[in-house]
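In what follows, a structure is listed as structure tokens, so that the remarks can point back to it.
The values are calculated or read from the model by the stated rules, or taken from the named source; none is laboratory data. Bear in mind that the values here come from a model prediction, so they are computed numbers and not experimental data. Ideal geometry is used to build each Cβ from the backbone, glycine not excepted, and the neighbour counts take in all protein chains shown.
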Amino acid sequence: MAKKVLRNVTHCIFDMDGLLLDTERLYTEAAQKVLDPYGKTFTFDVKEQLMGLQTQQVAEFMVNTYELPITWEEYAKQQRDNALTLMGNAQLMPDTERIYEEVTKQIAASYGRPYPVATRFRVMGTTEQRSAEIVISECNLPISLNDFLKRYSDMCHKRLGNVPLLEGAARLLRHLHANKVPFALATSSGADMVELKSTHHKELFNLFNHKVCGSTDAEVKNGKPAPDIFLVAAGRFGDTPDPSKCLVFEDSPNGVTAGESAGMQVIMVPDPRLSEERCSHATQVLRSLEDFKPEQFGLPPFSD
């Protein structure tokens with residue numbers, strides 16, 4: 001595949017969930033709580049189709065896909081209620097998912113057992129206790145629930161203590177702000193949810209020039225993968241830059257498509273489980289925001 005030509009930009013636009021804030025695991029848990037009474041499991045192949053969509057799109061898709069005997073409005077309310085109880089503690093994006101997976105894999109390996117991808121998908125979004133029950137059962141581990149949980153907790157705490165909490169998000173936003181590069185937030189979440197999720201990060205989120213919240217913004221007629229949200233975000237900068245001068249940061253295939261359809265370059269920081277094919281339309285794919293090199297797009301380089 002030919003290397004993509006990188007063009008200079010003047011403005012940046014950021015998605016939020018799964019990119020700046022570690023909320024994707026919480027969304028998964030909220031969705032699973034809605035499905036539990038119906039004996040359904042929220043799998044990753046369904047989740048990746050929902051990434052970047054607005055509230056109504058998600059609710060309608062879930063009701064139809066899982067054949068739930070409720071309206072999309074009822075689903076949306078249950079999902080929102082569940083999310084409200086979980087989102088207040090959303091953390092700036094650390095690379096925690098791979099740590100959880102590696103720890104579980106190590107425990108299974110200590111008994112000579114593999115940790116299959118299918119089992120990994122089954123534990124997504126469940127409580128630690130339920131995750132342990134699933135792993136012990138499906139991997140046939142000769143260990144009690146309490147012993148598994150103790151080992152899991154000890155190993156996670158040891159590993160998480162060595163992980164940079166911000167994983168590049170705060171560094172990049174503060175760098176752009178210090179160098180007077182305008183940047184905006186463009187999230188499919190509603191304004192109230194953005195307020196809740198950013199409760200512990202007010203200082204950082206106040207650095208944004210403006211925020212476009214797709215699920216509650218009247219000007220965003222169509223959700224991602226339509227380009228509306230990014231075009232609205234670009235239009236609200238004081239100097240109204242041409243879309244080609246805006247660089248989008250995303251984690252979802254739908255978000256990448258939306259950015260490209262808006263005529264913008266897109267940096268993608270995907271969930272590592274997404275296939276290369278699902279990421280191939282991005283301008284550049286990075287492991288994390290820490291790997292971003294501003295100078296490649298004509299922006300001031302990091303000084304540290």
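Quick rundown of the values:
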| item | result |
| --- | --- |
| Some residue of the range 243-261 being free of Cβ contacts under 8 Å to residues at least 24 places away in the same chain and touching an Asp or Glu at 6+ places or on another chain (Cβ under 9 Å) | no |
| Residue check, Phe208 in contact with a strand residue (DSSP E or B) (Cβ under 7 Å, 6 or more places away or on another chain), part of a loop (DSSP other than H, G, I, E, B) and at pLDDT 90 or above | yes |
| Filter pass, Arg171 being assigned to a helix (DSSP H, G or I) and at pLDDT below 85 | no |
| Count of the range 231-242 residues which are of a type outside the set (Val, Ile, Thr), in contact (Cβ under 8 Å) with a residue 12 or more places away in the chain and either in a helix (DSSP H, G or I) or surrounded by 24 or more Cβ atoms within 10 Å (Cβ to Cβ) (or both) | 3 |
| Residues of the range 246-267 that turn out to be surrounded by 21 or more Cβ atoms within 10 Å (Cβ to Cβ) and either among the charged types (D, E, K, R) or modelled with pLDDT of 95 or more (or both), as a count | 12 |
| Top-ranked residue in the range 204-230 [being surrounded by 20 or more Cβ atoms within 10 Å (Cβ to Cβ) and among the β-branched types (Val, Ile, Thr); ranked as farthest from Lys180 (Cα to Cα)] | Val220 |
| Considering residues of the range 23-56 that are among the hydroxyl-bearing types (Ser, Thr, Tyr) and at pLDDT 80 or above only, the residue farthest from the chain's Cα centre (by Cα) | Tyr38 |
| Qualifying residue in the range 191-203 (condition: surrounded by fewer than 18 Cβ atoms within 10 Å (Cβ to Cβ), of a type in the set (A, V, I, L, M), part of a loop (DSSP other than H, G, I, E, B) and on the phi < 0 side of the Ramachandran plot) | no |
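Let's see how each residue does on (1) outside the structural domain of Arg278 (by TED's automatic domain parsing); (2) aromatic (Phe, Trp, Tyr); (3) buried (at least 20 other Cβ atoms within 10 Å of the Cβ); (4) assigned to a helix (DSSP H, G or I):
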| site | (1), (2), (3), (4) |
| --- | --- |
| Lys4 | yes, no, no, no |
| Pro37 | yes, no, no, yes |
| Phe42 | yes, yes, yes, no |
| Glu48 | yes, no, no, yes |
| Val58 | yes, no, yes, yes |
| Met62 | yes, no, yes, yes |
| Glu73 | yes, no, no, yes |
| Asn82 | yes, no, no, yes |
